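The values are calculated or read from the model by the stated rules, or taken from the named source; none is laboratory data. Just so it is clear, the model here is predicted, and its values are computed rather than measured. FYI the Cβ positions are ideal-geometry reconstructions off the backbone, even for glycines, and counts take in every protein chain you see. Heavy atoms of the whole protein, side chains included, go into the accessibility calculation; ligands, DNA and RNA do not. Shrake-Rupley method; radii C 1.70, N 1.55, O 1.52, S 1.80 Å.
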Amino acid sequence: MALRRVLCFCIKRLHWTTTRAIWRSSFCSKIAFCFLLGLVVLSYRELIRAEQRYEKFVYREFQDPERDSFLYGTFPSNFSWGVATAAYQIEGAWNEDGKGPSIWDTFTHTPGRTYNNQTGDVTCDSYHRYEDDIAIMKEMGMKHYRFSIAWSRVFPDGTRNRINMAGVDYYHKLIDGLLAAGIQPMVTLYHWDLPQALQDMGGWDNDIMAVHFDNYADFCFNEYGSKVKLWITFNEPYVFTKVGLETGVHAPGLKHQGTTVYRAAHNVLKAHAKAWHTYNDRYRSTQKGKCGITLNCSWGQAATDSEEDKAAADRYMQFGFGWFAHPIFVNGDYPEVIKDKVMKKSLAQGLTTSRLPEFTEEEKQLLKGTSDFLGANYYTAVYVSAKERQAMPPGFFKDQDFMTTDDENWPTSGAGWMRPVPWGFRKFLNWINENFNKPVIYITENGVAEHSEDEPMFEDTWRIQYLTSHVNEMLKAYTLDGIDIRGYTYWSLMDNLEWAEGYASRFGLYYVDFKNPKRPRLPKESASVYAKVIRNNGFPEPASGMLW
Ligand code: GBH
């Protein structure tokens with residue numbers, strides 16, 4: 001800024017004397033002068049652009065200098081850096097080589113369900129272009145790749161009655177390619193794409209799903225377990241039960257308020273426990289891998305210091321995260337506050353029992369301790385305040401008695417539902433650490449989007465800021481708070497189908513041109529910044545001579 005002002009001043013002062021001098025000078029000097037002037041103009045433009053880039057980069061507002069200040073430091077040498085994707089969002093080939101339809105195929109093929117009726121029929125075409133994916137990950141120096149298996153590509157009707165060998169081979173080729181490139185596979189078994197044939201039997205509302213899921217998991221452990229050492233049973237059960245069955249914004253698009261959501265979650269928990277025991281009993285000793293679950297929640301910050309708001313914020317976290325983490329990591333049962341709230345509302349609605357199902361003692365014992373690590377996804381934060389909701393009609397959100405707001409001062413992003421709040425990440429990690437017996441944690445997702453139909457935005461300063469500031473908060477959680485974080489996974493490797501929000505919500509480190517049949521993947525600036533963070537294993541002290 002100061003430089004710009006000095007330049008303006010000089011230009012004004014020299015204006016007349018220079019013009020006169022040029023007018024009188026020889027032809028050669030005129031040419032030389034024009035050349036020099038051109039150079040000055042160009043470097044000035046560069047200077048302004050660099051300044052603008054820098055201004056965008058420093059988006060921490062230092063509302064709280066202590067909280068938001070930058071920490072130099074690195075992670076241990078075995079810390080794992082990765083990127084994530086999910087089958088339906090990137091694979092395409094929705095009906096090729098014997099794949100059965102999933103609830104997402106049905107949903108996106110129903111008009112009016114997704115943005116501009118966009119589907120995952122082709123998307124990034126990773127079913128045919130997975131080698132391109134591996135190549136760009138290798139280029140960034142990635143240590144692990146979190147991807148998901150499409151259940152109905154392996155078991156077309158969801159059951160083990162029929163196995164699709166072409167689908168099975170596809171994941172073998174992908175895994176082998178990753179290992180050859182020195183990238184560890186981290187495999188999610190269920191990232192929302194339930195086989196349609198199982199939905200036709202009632203989907204997660206039917207407790208037979210636990211058996212089918214266990215069969216499918218067993219098959220995958222057996223088939224790929226000699227090569228895959230990190231397994232994730234479910235991705236974000238909070239989201240796919242709530243958004244799929246309560247609000248209906250995602251597949252299968254049901255709006256059964258306040259009922260199905262709890263029963264489905266109950267069956268998902270039982271399915272998770274069954275699969276973990278299968279791994280534990282039959283594969284762990286020979287395969288020596290780990291099996292966990294990925295949970296998510298925004299950070300709920302109490303809107304004020306009042307006891308009511310603090311309790312409401314904790315309730316927000318328990319309903320979002322504790323709902324699944326408490327049974328698995330604490331005592332085999334739901335958090336007391338959920339049991340309490342749903343019971344009270346159910347009675348007020350004239351029911352004789354709670355809408356929240358109960359676990360038997362045996363089920364509790366089977367659930368407790370069924371995760372070797374906790375996968376955590378973090379994107380954003382909200383303010384939470386207490387608000388008593390009426391009992392009728394029933395609803396999952398109304399059971400929770402709070403309201404959420406966000407802060408106008410927080411920067412916005414290309415995804416309407418999220419504002420970047422880096423400090424919320426550290427608080428989120430501390431809350432998990434305190435509430436669930438200090439688990440081993442992998443960050444399995446964290447990322448930001450720009451909104452763009454087709455136009456590439458390679459200078460993605462917002463993503464560079466998001467990534468560096470969130471990794472920095474994670475470094476504080478690791479170094480200053482002593483939380484056992486083993487890895488970080490950016491969402492996402494490349495732009496892909498953002499579920500109901502379609503292709504314009506772009507989370508990728510790589511831009512994908514969805515108009516081009518070859519689906520080229522082109523790096524945004526953030527890709528090289530992430531590569532540098534990976535090379536440096538964090539943010540080394542400038543004094544160490546390694547500037548990041
Ligand atoms: C994750 O979900 C998913 O695991 C991943 O597949 C996804 O692409 C990524 O994040 C980016 O969104 O709540 O009705 O406004 C994060 C949680 C839940 C956030 C659904 C967006 C939109 C629908 N997501 N939500 S709604």
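Restricting segment 419-429 to residues that are closer than 18 Å to Ala313 by Cβ and in a loop (DSSP other than H, G, I, E, B), which is nearest to the ligand (Cβ to nearest atom)? I'd like the intermediate steps shown before the answer.
If we filter segment 419-429 for residues that are closer than 18 Å to Ala313 by Cβ, which is where we start, we get 419, 421, 423-429.
Okay, now just the ones that are also in a loop (DSSP other than H, G, I, E, B), so 419, 421.
Values: Arg419: 13, Val421: 14 Å.
Applying the filter and picking the extreme gives Arg419.
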**Prompt:** So is Gly92 closer than 30 Å to Ser544 by Cβ and open to solvent by less than 60 Å² (accessible area, probe 1.4 Å) or not?
**Reply:** no
**Asked** Which of the following residues is within 23 Å of Gly292 (Cα to Cα) and of a type outside the set (Phe, Trp, Tyr): Leu366, Leu347?
**Response** Leu366
**Prompt:** Restricting attention to segment 264-284, does a residue exist that is within 16 Å of the ligand (Cβ to nearest atom), open to solvent by less than 10 Å² (accessible area, probe 1.4 Å) and of a type in the set (Ser, Thr, Tyr)?
**Reply:** no
**Item:** Close pairs (7 angstrom Cβ cut-off, 6 or more residues apart or separate chains): of a type in the set (A, V, I, L, M) in segment 75-89, open to solvent by 20 Å² or more (accessible area, probe 1.4 Å) and within 10 Å of the ligand (Cβ to nearest atom) anywhere
**Value:** none
**Asked** Scanning for something within 16 Å of the ligand (Cβ to nearest atom), surrounded by fewer than 19 Cβ atoms within 10 Å (Cβ to Cβ) and at negative phi, does segment 430-447 turn up at least one residue?
**Response** no
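Between Ala527, Ala504, which is of a type outside the set (Phe, Trp, Tyr) and farther than 30 Å from Tyr72 by Cα?
On the way: Ala527 fails: farther than 30 Å from Tyr72 by Cα.
When all the criteria are applied, what remains is Ala504.
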**Which numbered condition Met546 fails, given (1) modelled with pLDDT of 95 or more; (2) open to solvent by 10 Å² or more (accessible area, probe 1.4 Å); (3) more than 16 Å from the ligand (Cβ to nearest atom)** = (1)
**Complete set of residues in segment 386-418 that are open to solvent by 40 Å² or more (accessible area, probe 1.4 Å), over 21 Å from Arg315 (Cβ atoms) and either among the charged types (D, E, K, R) or within 16 Å of the ligand (Cβ to nearest atom) (or both)** = Glu408, Thr412, Gly416
**Request:** Would you be able to tell me the number of residues in segment 505-540 that are closer than 22 Å to Gly414 by Cα, of a type in the set (Gly, Ala, Ser) and in contact with a helix residue (DSSP H, G or I) (Cβ under 7 Å, 6 or more places away or on another chain)?
**Result:** 2
**Complete:** The helices (runs of 4 or more DSSP H) lying wholly within segment 209-312 that contain at least 3 residues that are within 29 Å of Thr353 (Cβ to Cβ) and touching a residue at least 60 places away in the same chain (Cβ under 8 Å) are 209-224, 260-278
